[in-house]
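Chemist: Sharing a structure here in structure tokens format.
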Amino acid sequence: MSIVSVLVVDDSAYVRKVVKQMLLRSPFIEVVGTARDGVEALEQVVELNPDVVTCDLNMPQMDGTAFVREQMARRPVPIIIISVASHAGEAVLAALDAGAIDFVQKPTALATDKLLDIADELIEKVKAAAQSPLRHRVSRPAPLPPLVVPARVTGGTELLVVGTSTGGPQALKALIPRLPATFPIPVALVLHMPIGYTETYAEKLNEMSALTVVESKGEEVVRPGLVFLAPAGRHLTFRRDAEGTVHTHLDLRPLDTPHRPSVDVLFRSAAETFGAAVLGVVMTGMGADGREGAAWIKAKGGQILTEAEETCVVYGMPRSVVEAGLSDEIVGIDGMAEAIMERV
């Protein structure tokens, strides 16, 4: 791949130095400049024209969210937030809403060894961000009203499962609020997020949606009207009791997955519990989480939809499913709710 130029923005000179050191571990990344706050960052973007910007949230003069909003209004550029998790959940989500495409959780202890622990994650996200189609970094369609469920439902689908990662917070906000309160089946979501963010995100998504969106606590009855978001750090699966009622289940196992929660784990459990009556959707995200799970759903007779490359922030997860021959239909995010309704 070509060299990715990066601007590092943080009010701490020490953090700027360490982030630069982390990024320079990759031969494909060049740090072309640094900035101390949002005001200076706006000037540096004009002067240096970086491919990607990494940005802190809490800075003097202009904080990270204000910088993202202003930069996106001037000229779109992929921005990755690097933030301390404590009490920053809403600020990170606000930055994503403003147009940032991803974030990395900064350790609360700023020892060099702790910061270097996130180096590989940051490098991969920077390289992925550089490949993001520019026009979709800010193309966030205005919220549309929920669809109307046809009077006669003829499909045999009993569960909708959705997996996403980079760009997922925005994608889910474009999808879930379009599902009506009368949506006839339950929904389960996996969104790759660090611990400390999924509960706040579920609350925000719930405020926008006709359906009830909750961060799963485990052992809930799976029924229509509910959308379960897997909590960060736990896999979301299903269990059917002796009476035939399906409940959610949370577990640390399996331990060997690249992500926890894992789309593959959710999809496999859905296929094993609901058989052919599963509709899986794989949306924007880097990597291949969801490909193995999609294979399980297809093997049981279920269906898979994938988000089109044109509307993905990162066309990684959907691409892996499409290239494996597992996608029944490729759909842009603006038509995904309609495609789901057709199958439900």
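Chemist: Run lengths n ≥ 4 of DSSP H only: what is the helix-derived mean residue ellipticity at 222 nm for the chain, with -39500 (n - 2.57) per run over all residues, to the nearest 500? Kindly include the intermediate steps, with their values, before the conclusion.
Modeler: Working: 12 runs with 115 residues, N = 344.
Result for the chain: -9500 deg cm²/dmol, rounded to the nearest 500.
Chemist: Of the beta bridges DSSP finds with both residues in segment 159-343, what % are antiparallel, to the nearest 5?
Modeler: 20 percent
Chemist: Something else about it: What fraction, in whole percent, of alpha-carbon pairs in segment 149-297 exceed 23 Å separation?
Modeler: Looking at segment 149-297, the distances longer than 23 Å represent 28 percent of pairs.
Chemist: Which whole-angstrom value gives the distance between the alpha carbon centres of segment 177-192 and segment 66-84?
Modeler: 29 Å
Chemist: Okay, moving on. HN-Hα J couplings of segment 166-175 from phi, Karplus 6.51/-1.76/1.60, θ = phi - 60°, integer Hz, Gly and Pro as x?
Modeler: 4, x, x, x, 6, 5, 5, 5, 7, 9
Chemist: Pick out, from T65, A35, S5, the residue whose Cα sits farthest towards the positive end of the charge dipole of segment 1-82, with +1 on the Cβ of Lys and Arg and -1 on the Cβ of Asp and Glu.
Modeler: Farthest towards the positive end: S5.
Chemist: By how many nm would the segment from E338 to A299 lengthen if fully extended, with 0.36 nm per residue of separation less the alpha-carbon distance? Provide the component values of the computation, followed by the final result.
Modeler: Details: separation 39, 0.36 × 39 = 14.04 nm, distance 2.45 nm.
Here the segment from E338 to A299 would lengthen by 11.6 nm.
Chemist: I've got another one for you. For segment 214-223, what does the Karplus curve 6.51 cos²θ - 1.76 cosθ + 1.60, with θ = phi - 60°, yield as ³J(HN,Hα) per residue in whole Hz, taken in order and with x for Gly and Pro?
Modeler: 9, 6, 5, 9, x, 6, 7, 6, 8, 8
Chemist: Placing +1 at every Lys and Arg Cβ and -1 at every Asp and Glu Cβ, with all other atoms neutral, what dipole size does segment 159-343 have around its Cα centre, in debye to the nearest 20?
Modeler: 280 debye
Chemist: Another question, then. Could you run the Karplus curve 6.51 cos²θ - 1.76 cosθ + 1.60 with θ = phi - 60° over segment 42-51 and give me ³J(HN,Hα) per residue in whole Hz, x for Gly and Pro?
Modeler: Here the 3J(HN,Hα) series is 4, 5, 5, 4, 5, 6, 9, 6, x, 6 Hz.
Chemist: Under a GNM of the chain (C-alpha, springs under 10 Å), which listed residue has the highest mean-square fluctuation: K125, K17, K173?
Modeler: Per the Cα network of the chain with a 10 Å cutoff, K17 tops the list.
Chemist: Could you calculate the contour length gain from R25 to L144, that is, 0.36 nm times the residue separation minus the distance between their Cα atoms, to one decimal place in nm?
Modeler: Full extension of this stretch gives 38.5 nm more.
Chemist: Can you tell me the dipole magnitude for segment 4-136 around its Cα centre, using point charges on the Cβ only (Lys, Arg +1; Asp, Glu -1), in Debye to the nearest 20?
Modeler: Using Cβ point charges on Lys, Arg, Asp and Glu, segment 4-136 gives about 200 debye.
Chemist: Figure the gain on full extension for A276 and E323 (residue separation times 0.36 nm, minus the Cα-Cα span) and round it to one decimal in nm.
Modeler: Here the segment from A276 to E323 would lengthen by 14.7 nm.
Chemist: What is the calculated FRET efficiency for D97 to A242, with r their C-beta to C-beta distance and R₀ = 35 Å, to the nearest 0.05?
Modeler: So the FRET efficiency works out to roughly 0.20.
Chemist: Amide H to amide H under 5 Å from I29: which residues, 5+ apart in sequence or cross-chain, H placed 1.01 Å off N in plane?
Modeler: Those qualifying (amide H under 5 Å, at least 5 residues apart or on another chain) are V4.
Chemist: Among L160, S209, A276, flag the residue with its Cα farthest along the positive direction of the charge dipole of the chain, charges on Cβ as +1 for Lys/Arg and -1 for Asp/Glu.
Modeler: Positive-most Cα among the choices belongs to A276.
Chemist: Too long at a 24 Å Cα-Cα cut-off: which of K106/K127; K17/K125; K20/K125; K20/K173; K17/K106; K20/K127?
Modeler: Over 24 Å Cα-Cα: K20/K173.
Chemist: Normalised by the number of residues in the chain, what is the relative contact order in percent for Cα pairs under 8 Å and 6+ residues apart?
Modeler: Answer for the chain is 13 percent.
Chemist: How would segment 4-136 be classified by its alpha-carbon gyration tensor: rounded, prolate or oblate, with rounded meaning a/c under 1.5 and the a/b versus b/c comparison settling the rest?
Modeler: Working: a/c = 1.36, a/b = 1.12, b/c = 1.22.
Note, shape of segment 4-136 comes out rounded.
Chemist: Along the positive direction of the dipole of the chain (beta-carbon charges: Lys, Arg +1; Asp, Glu -1; about the Cα centre), which of S320, A188, I340 reaches farthest?
Modeler: Toward the positive end, the furthest listed residue is I340.
Chemist: A further question on this structure: 5 Å is the cut-off here: which amide hydrogens, built 1.01 Å from N in the peptide plane, fall below it relative to V104, excluding neighbours closer than 5 in sequence?
Modeler: HN-HN under 5 Å from V104: I81, I82, S83.
Chemist: Measure out, as a whole number of angstrom, how far apart the alpha-carbon centroids of segment 217-284 and segment 315-339 sit.
Modeler: Taking the Cα centre of each part, segment 217-284 and segment 315-339 sit 20 Å apart.
Chemist: Rounded, prolate or oblate, given the Cα gyration tensor of segment 162-249, with a/c below 1.5 counting as rounded?
Modeler: Oblate shape, in that a/c is at least 1.5 and b/c is the bigger or equal ratio.
Chemist: How many percent of Cα pairs in the chain exceed 26 Å?
Modeler: 47 percent
Chemist: Rounded, prolate or oblate: which fits segment 277-344, taking a ≥ b ≥ c as square roots of the Cα gyration tensor eigenvalues, rounded meaning a/c under 1.5, else prolate when a/b beats b/c? Each step should come with its number before you reach the end.
Modeler: On the way: a/c = 2.21, a/b = 1.09, b/c = 2.02.
Cα axes put segment 277-344 in the oblate bin.
Chemist: Next question. Near the amide H of T34, under 5 Å away, which other amide H atoms are found, from residues 5 or more places off or on another chain, if H is placed in the peptide plane?
Modeler: V8
Chemist: Under unit Cβ charges (Lys, Arg +1; Asp, Glu -1), what dipole magnitude, rounded to 20 debye, does the chain have relative to its Cα centre?
Modeler: That gives a dipole near 240 debye.
Chemist: As an exercise, use a Förster radius of 22 Å and the Cβ-Cβ distance of D256 and E309 to find the FRET efficiency, rounded to the nearest 0.05.
Modeler: It comes to 0.15.
Values in this text are rule-based calculations from the coordinates and carry no lab data. Note that the structure is predicted; figures quoted are calculated from it, not measured. For neighbour counting, all protein chains shown are included, and Cβ atoms are generated from backbone atoms with ideal geometry for every residue, glycine included.
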